[in-house]
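Quick notes on the structure that follows.
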Amino acid sequence: MDKHDKPLIAFFIIAYLLAWATMALPVAQNYGFLTGLLPLEILLIVGSWMPNIAAFIVIGFIIKRKGGIKELFKGWLKWRMHPGWYLLALSPVLFGFTAMVLYQWIYGYSPSAGLFEDPAAFIGLLVLITVTGAMGEELGWRGFALPRLQLRMNALSASILLGILWAFWHLPLWFAGLGFEAIPFWAYLLIGVSFSVMITAACNNSGGSLLIATLFHLFLNVSVNMLENEAYPVLAAVFVAAAVAVVAVFGARKLSKKTQLPIDPLSKTWVNFQKSTAV
């Protein structure tokens, strides 16, 4: 990463500090330093929005780009793309079913978490994971950070770095007593990096659509909720295989068949996000 890209470094620091400070409360409660009931659902929702909020802070107070936050939101309006990308956004659910079949074949029983058995519960979960990780993070990770990273390294390297940072950003969840501690973190890390590769390819081939990025993230969350914790290593293997296929098809340099990435080198944003000037 270019050491002189202070806005990008500031974004990662702020995203980590805000989210980890929020999650410090349930972590402290889990280890007996706090008593009483905490509004865990509210804390999870608030914490999940910290990448977006970090991007807003950097754009508004460090870069001071007029209209930059509004332009960032417009990434959700980029819906005109090849229909195949919408189908590909559903692929994490297919990976979940594939991992379920493989796990049953290897171990002799299904690791299904029964996600689809109760329609009301599934709809409630769908709403929650939409307003948390899917909508709460992607303006920051893919809207702000990804184009800037790709101006400093090839698309595959940018995806791997962002996937690692994304996974470790979630690390406090493993100490909050919410059940994440039963998930092998190494498997979660592999899923995050592989997912990052695929979502970069989606953004690079859709003109920087944050709609497609958000849909990818949504269905990633669906896939990881489909399985019991012990099946995460198998799910990770499926995701890694898919990411390798994406790299093989699109190439490591751009993760795209397009001649030029849809990134404005002056504003360091996706094309049409910002009509103004260099930062």
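The values are calculated or read from the model by the stated rules, or taken from the named source; none is laboratory data. Please read all numbers here as calculations on a predicted model, not as lab measurements. Ideal geometry is used to build each Cβ from the backbone, glycine not excepted, and the neighbour counts take in all protein chains shown.
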Which is without any contact (Cβ under 8 Å) to a residue 60 or more places away in the chain and in a helix (DSSP H, G or I), of Ala213, Ala202, Ala243, Ala231? Ala243
Is it true that some residue in segment 174-184 is within 24 Å of Gly75 (Cβ to Cβ) and crowded, with 22+ Cβ neighbours inside 10 Å? no
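Sort through Leu156, Leu128, Leu151, Leu139 and tell me the only one that's of a type in the set (A, V, I, L, M), in contact with a strand residue (DSSP E or B) (Cβ under 7 Å, 6 or more places away or on another chain) and closer than 23 Å to Leu210 by Cα.
None of the others qualify; the one that does is Leu151.
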Every listed condition ((1) part of a loop (DSSP other than H, G, I, E, B); (2) surrounded by fewer than 16 Cβ atoms within 10 Å (Cβ to Cβ)) holds for Arg65 save (2)
Does Ala89 satisfy the criteria of being under 21 Å from the mean Cα position of the chain (by Cα), surrounded by 15 or more Cβ atoms within 10 Å (Cβ to Cβ), over 23 Å from Ile13 (Cα atoms) and among the small types (Gly, Ala, Ser)? yes
If we ask which residues in segment 157-177 are over 15 Å from Ser48 (Cα atoms) and modelled with pLDDT under 95, their number turns out to be 1
Within segment 178-216, residues being in contact with an Asp or Glu (Cβ under 8 Å, 6 or more places away or on another chain) and not small (Gly, Ala, Ser) number 2
Kindly establish whether Met81 is aliphatic (A, V, I, L, M) and not in a helix (DSSP H, G or I). yes
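Filter segment 80-116 for residues that are hydrophobic (A, V, I, L, M, F, W, C), out of contact with any helix residue (DSSP H, G or I) (no Cβ under 9 Å at 6 or more places or on another chain) and within 14 Å of Ala231 (Cα to Cα) and give the result. Before the answer, list the steps.
Step one: list which residues in segment 80-116 are hydrophobic (A, V, I, L, M, F, W, C), which gives 81, 85, 87-90, 93-95, 97, 99-102, 105-106, 113, 115-116.
Among the residues that remain, those that are also out of contact with any helix residue (DSSP H, G or I) (no Cβ under 9 Å at 6 or more places or on another chain) are: 87, 101, 105.
Once the filter is applied, which keeps residues that are hydrophobic (A, V, I, L, M, F, W, C), out of contact with any helix residue (DSSP H, G or I) (no Cβ under 9 Å at 6 or more places or on another chain) and within 14 Å of Ala231 (Cα to Cα), segment 80-116 yields Val101, Trp105.
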Of everything in segment 101-146, what is without any contact (Cβ under 8 Å) to a residue 40 or more places away in the chain, out of contact with any Phe, Trp or Tyr (no Cβ under 9 Å at 6 or more places or on another chain) and in a helix (DSSP H, G or I)? Give them in sequence order. Val101, Gln104, Trp105, Tyr107, Pro119, Ala120, Ala121, Ile123, Gly124, Val127
Matching residues in segment 1-40 - criterion: being of a type in the set (Asp, Glu) and surrounded by 15 or more Cβ atoms within 10 Å (Cβ to Cβ): Asp5
